[in-house]
1. With respect to residue 335, determine if the residue is surrounded by fewer than 21 Cβ atoms within 10 Å (Cβ to Cβ) and free of Cβ contacts under 8 Å to residues at least 12 places away in the same chain.
2. Mind checking which residues of the stretch 554-573 are in contact with a His (Cβ under 7 Å, 6 or more places away or on another chain) and aliphatic (A, V, I, L, M)?
3. Being of a type in the set (A, V, I, L, M) and not in a helix (DSSP H, G or I) is the filter here, so list the residues in the stretch 575-632 that pass it.
4. Looking at the stretch 369-388, which of its residues are surrounded by fewer than 19 Cβ atoms within 10 Å (Cβ to Cβ) and without any contact (Cβ under 8 Å) to a residue 40 or more places away in the chain?
5. Could you tell me which numbered condition residue 526 fails, if it satisfies all but one of (1) under 22 Å from residue 481 (Cα atoms); (2) crowded, with 23+ Cβ neighbours inside 10 Å?
6. State whether the residues of the stretch 381-403 include one that is in a loop (DSSP other than H, G, I, E, B) and in contact with a strand residue (DSSP E or B) (Cβ under 9 Å, 6 or more places away or on another chain).
Amino acid sequence: MPLVPGARLGNYEILSEIGSGGMGEVYEAKDLKLGRTVAIKVLPDDMSSDSERLRRFEQEARAASALNHPNIVTVHEIGEHEGTPYIAMEYVDGATLREMLAGGGLPDDALIRYVTQLAEGLAKAHQLGIVHRDLKPENIVVSVDGYVKILDFGLAKLLPEGPLSEEDSTMGRTTPGAILGTLSYLSPEQAKGQPVDHRSDQFAFGAIVYEMSTGRKAFERATAVETISAILRDEPVPATMPAGLESVARRCLSKARQDRYGSTTEILGHLNASRTEPTSRTKTLRSIAVLPLVNMSSDAEQEFFADGMTEALITDLAKLKGLKVISRSSAMRFKGTKKPLPEVASELGVEAILEGSVLRAGERVRISAQLVDAKADEHIWAERYERNLRDVLQLQNEVARAIAAEIHVTLTPQDEVRLRTAGEIDPAAFEAYLQGRYFWNKRTEDGLKRALEFFRRAVDIDPVYARAYAGLADVYNLLAILALRPADEAFPMAKAAAKRAIEIDDALGEAHTSLALASIVYDWNWDTAEREFRRAIEQSPDYATAHHFYGGYVLSPLGRHEQALEALLHAQELDPLAPVLRADAACVLLYGGQASEAIDQCLETLARFPEFPISYFYLVDALVREERYDEAIDAARDAVELTEKDPSFVARLGYALASAGLTKDAQTILADLEAAESSQAPAYPIALTYVRLGDTEKALEWLEKAVEGHAWEVLWMNVDVRVDPLRDERRFQDLLSRMNFPD
C-alpha cells in the first residue's frame, strides 16, 4: 500500500509520491534530523517478500552508495522501518530526460553540455567497477540548475577485479539466460543474455545520445522481438548530429563490444577534443561577480556558512591577475535577488556572473555553481563539488581553477601553484572563521564583539590559521576607528595580529591591508603604510579595500589627490555598490580644493544611497567652503535626524552654525558635546568649530585630544584648509611633527 503524506519512515516524513516502477516506489520526504528534502525509495509490501527483488534492491543501494559524483544521485542512507526496506537519497528538483525529449531533440548547446555530464557520471561509475545495466532517459534527471543526474542503479552490477573474461558467465544476469534492462537501450550482449561490462552501458549511452540529438529512438519496433532483432542486426537511421557526437554515438553503438571504447573516460577525451562549443565558451571574459551562494540547508543559522563560502570564492578569484572580481559588499546586495542576471551584471559592470548554492551536512560540504555569460544570457558552465569540510580549501581552489579555465583567464605560475597546493583545515577552526566574518560584516558594536570571539576561537583551534589572524586585525582596527575600544589598546593588537598573519602567509593581501591601516592611523608611519598597501595590492589586485584605504588614508593626506582619486575610482569599479567609496571620493575632491565637484559627488551618492550618512560629512564641509551656509545647516540637520543625534553629525551642525555666524547656537551645541563622555566627543570637528568661532586656545586643546585619540580625521590635518588659522601656532606645528608628516 502506498505511503501517504505525513507517514513516518525512520527519520523521514513522507511529503508526496514522486513515482513508481518495477523496483519500488519513490517519495519526496523531509529528513527530520537534518531538515533537508530527500527522495525515499521503498519496496512495495507485495515485493518485500520476494527475495530476488529484495536482493536487487539492496544491491542498488550498495552500488549507488559507493558513488560520489556531481552527475550521480547521492545515496544518504540505507535503512529499514517496520519491515519496509528503504533508500534515502538526494532529492533532485528537475525533469527526466524522457520528459525533456517529449518535444523532440535538444538544442546543440544543451545537448553537448548534457551529453558531457552524462559521460562524466558514467565514467566515474565504471572507474569504480560499477555497470548500470539499465541506462535510459527515464533514469536520467536534469535539475533546475542544469545538472545531469544518473539515478536508479537497481540493475547495477559490481564487476570483478581485473579484466572481464567470457567465462564470467554469471556477470550481467540474475538468472542464466535472463534479459535485464529496457528494450531500445539493450546492448546486443544483453539482448542475448550474455555477460556485460562497462561497454554495455556505452551502447545504451550511444542510443541515448542519438535520441537526445534527433528526438527519436535509435531502436524501436512494433514488438519486443522486432526491437531486439533491430538491436542485433540494424544500424540506426542516419541522422544529422553536432560535430564530434555522431562519431561517439556510432562507436558506442557498435554491435561488437570490442569495437566500442576501452574505457568510458576515452569518450570524455573524444568529446572534449572534438565538440563544437557555444560561442560564449570561446570568449575571454575579463570581469566577474560572485552572487551570494544560496543556503540549501533549512537551518537558518547556517546562513553564515553560505555567506562565508561566497566571500572565500571572491577572495580566491580576486587574486587572479587579469580578472576583475566584484567585491563582497556589492555582490551581497543581490542576496535573494529576483533580478534577471543581465540586469545584475549591468549594475555591477561585469561580463560574467557566478551563482550557485552551498549545502553543509555534518562534515560534508557541497557547492553547486554555474557560470553565466551575462551579456548573452547564456550558461557557460555548471558543476558540483563535494568534499569533507577538512578539504574545503581544495574545493574553493577547484572552483576558481574551473572558472579561470572557462573564461580563458591565463593563470600565472604563482596562481597555478597557489590553486593546486591547498592544504587541509580543521573544520571547527574554519567554521569559527566563517562565523567571525559573518559578524564582522555587520559592522555593529555587538557584531564586532561576536566576531572577536569567533576569530579568537579559530586561532585557538588552529594557531597557524593566517586568515583568522587577519580577521582579528580587522576587528581591532574597526573597534579603534569607531571609538569602541581605546586606540592605545586596540591598534597595537591589530598590528600584532596582522604581523602574525603575514608571518604565516605573506601572500595574504587582507593582512597587509590591516597592518597598513594600523600603521597609518595609529603610528602615522607613512612609509610603512604605503609599502604595506602596495604589497596588499600586489597580492590581491582586486581587493577594493586596499585601493580604498591607500587612496583615502595615505595618498590624499599626503596631498597626492589625483593619485588618490584614481585609487578610489578603481575601488569603485571593484565595488560599484559600496556607498562609502563614493563618499570618500568626495572627501578627496574636497581636500584637493574641488569643493563644487565634491558637492555634486555627495548629492549623487545621497540620491542613490539616501540612508548612508557619511556623505553628509563632506557635503556640509563642501557647502561651507562654497559659503552656502543655509544649505550646509539644512544638510547637517538632516544628518542629525538620520543618525538619531550621532555626536559626530551634531558636531558638524555646530560647525555649520558657527560658519554661518550663528555663534550662540554653535556654542550651545559645543557645551552639550563637551558635557558628554570624552570617548563620545568627536574631537576633530569640535576643534574645527572653535576655529570658526575664533577661539584658538580651545581649538588647539581639542585638536590635541584628536591627535592623542588617533582620530581618523587628523590624517588630513596637513592639507585641511579649515585649520589654516592655526598653522603658525607652535603647538600646531608640534602636532604635525608628532604625526611624522613629510616635509
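The values are calculated or read from the model by the stated rules, or taken from the named source; none is laboratory data. Since the structure is predicted, the reported quantities are computational estimates derived from the model, not experimental observations. Counting neighbours? That spans all protein chains shown, and the Cβs are built from the backbone with ideal geometry, glycine included.
1. Working: surrounded by fewer than 21 Cβ atoms within 10 Å (Cβ to Cβ): yes; free of Cβ contacts under 8 Å to residues at least 12 places away in the same chain: no.
Taking the combined requirement at face value, the residue does not satisfy it.
2. Start the filter on the stretch 554-573 by keeping residues that are in contact with a His (Cβ under 7 Å, 6 or more places away or on another chain), which leaves 567-568, 570-571.
Hits for the stretch 554-573 are 567, 568, 571.
3. Of the stretch 575-632, the ones of a type in the set (A, V, I, L, M) are 577-578, 580-581, 583, 585-586, 588-590, 595, 598-599, 603, 606-607, 614, 619-620, 622-624, 632.
Listed by number, the residues that qualify are 577, 578.
4. Scanning the stretch 369-388 gives 375, 377, 387, 388.
5. (2) is the only condition that residue 526 fails.
6. Initially, the stretch 381-403 is screened for residues in a loop (DSSP other than H, G, I, E, B), giving none.
No: the stretch 381-403 contains no residue that is in a loop (DSSP other than H, G, I, E, B) and in contact with a strand residue (DSSP E or B) (Cβ under 9 Å, 6 or more places away or on another chain).
Table: residues versus (1) outside the structural domain of residue 655 (by TED's automatic domain parsing); (2) within 30 Å of residue 519 (Cβ to Cβ); (3) more than 41 Å from the chain's Cα centre (by Cα); (4) aromatic (Phe, Trp, Tyr).
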site: 684; (1), (2), (3), (4): no, yes, no, yes
site: 696; (1), (2), (3), (4): no, no, yes, no
site: 729; (1), (2), (3), (4): no, yes, yes, no
site: 732; (1), (2), (3), (4): no, yes, yes, yes
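For (1) closer than 18 Å to residue 314 by Cα; (2) touching a His at 6+ places or on another chain (Cβ under 6 Å); (3) of a type in the set (S, T, N, Q), each residue gets a yes or a no:
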| position | (1), (2), (3) |
| --- | --- |
| 351 | yes, no, no |
| 360 | no, no, no |
| 367 | yes, no, no |
| 372 | yes, yes, no |
| 384 | yes, no, no |
